[in-house]
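Participant: Let me give you the structure first, and then I'll get to my questions.
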Amino acid sequence: MTSLYYEDFEEGQVFESSGRTITESDLTIFSMVSGDWNKVHNDAAYAATTPFGERIVHGPLGIAICFGFIHAMGIFDDSVVAMTGIDDWTFDKPIVIGTTLHLRMTITGKSMGRSGRTGKLGRRFELLDQDGTCFQSGLSDVLVRTRASLPGTQ
């Protein structure tokens with residue numbers, strides 16, 4: 001997909017990513033990067049004794065995967081300026097190895113910046129499986145460029 005700019009977005013617009021299956025490697029690499037080697041993530045015998053009954057991936061890995069899905073969609077490749085925050089993130093269901101997830105992103109609002117060269121988009125993220133079950137959700141605003149900010153425009 002081609003990058004979209006502020007003018008291309010409308011409140012209520014929905015984008016969905018392709019899916020990917022969470023792997024053992026995802027869990028291990030995230031443990032290595034984060035330094036979080038908690039037994040519920042990395043000790044199968046221990047995790048079997050928990051209410052989950054098996055190892056679960058790190059909650060923040062779900063957030064990271066959401067942003068990976070956004071990148072894969074390509075809609076912000078040339079237009080993003082900065083993410084301004086993450087709010088009201090919920091961990092609704094534990095993610096386990098073998099879960100296939102995709103992202104549904106809904107534009108919740110937009111406001112033009114004072115310069116007219118950027119605008120803020122409100123976004124709602126839902127990390128879903130193939131049946132539509134929500135595993136994580138939250139809000140994240142982002143600043144994006146307007147078409148007026150492109151070289152050669154006035």
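Rule-based calculations on the coordinates, nothing more; no lab input. The model shown is predicted, which means the values in this text are computed figures rather than measured ones. Don't worry about glycine lacking a Cβ; one is built from the backbone with ideal geometry, like all the others, and counts go over all protein chains shown.
Participant: Could you tell me which of Ser115, Tyr46, Ile22 has its Cα farthest along the dipole of the chain towards the positive end, charges placed at Cβ (Lys, Arg +1; Asp, Glu -1), taken about the Cα centre?
Facilitator: Ser115
Participant: Please give the Cα centre distance for region 1-67 versus region 111-154, rounded to the nearest Å.
Facilitator: One Cα centre to the other: 20 Å.
Participant: Roughly what angle does helix 59-73 make with the longest principal axis of the chain, taking Cα atoms, 0 to 90 degrees, to the nearest 10?
Facilitator: 40 degrees
Participant: To continue, here is another question. In nanometres, what is the gap between the two model label sites at Thr100 and Glu16, each 7 Å from Cα along Cα-to-Cβ?
Facilitator: Taking the two extended label points, one gets 1.3 nm.
Participant: Another question about this same structure. If I model a spin label at Ile107 and Trp89 as a point 7 Å from the Cα along the Cα→Cβ vector, what separation in nanometres do I get?
Facilitator: If labels sit at Ile107 and Trp89, their model points lie 2.4 nm apart.
Participant: Could I ask something else about it? At a 10 Å Cβ-Cβ cut-off, how would you order Asp88, Asp36, fewest neighbours first?
Facilitator: Asp88, Asp36
Participant: Would you mind working out the magnitude of the charge dipole of the chain relative to its Cα centre, with +1 at each Lys and Arg C-beta and -1 at each Asp and Glu C-beta, to the nearest 20 Debye?
Facilitator: In debye, rounded to 20, the chain gives about 480.
Participant: Determine the calculated [θ] at 222 nm for the chain from helices alone, applying -39500 (n - 2.57) to every DSSP H run no shorter than 4 residues and normalising by the residue count; nearest 500 deg cm²/dmol.
Facilitator: After summing the helix terms and dividing by the residues of the chain, the value is -6000 deg cm²/dmol.
Participant: What fraction, in whole percent, of alpha-carbon pairs in region 2-154 exceed 25 Å separation?
Facilitator: For region 2-154, the share of Cα pairs beyond 25 Å comes to 37 percent.
Participant: Same structure again: Mean-square fluctuation check for the chain, GNM, Cα pairs under 10 Å: which of Thr99, Thr49, Thr108 is largest?
Facilitator: Maximum among the listed residues: Thr49.
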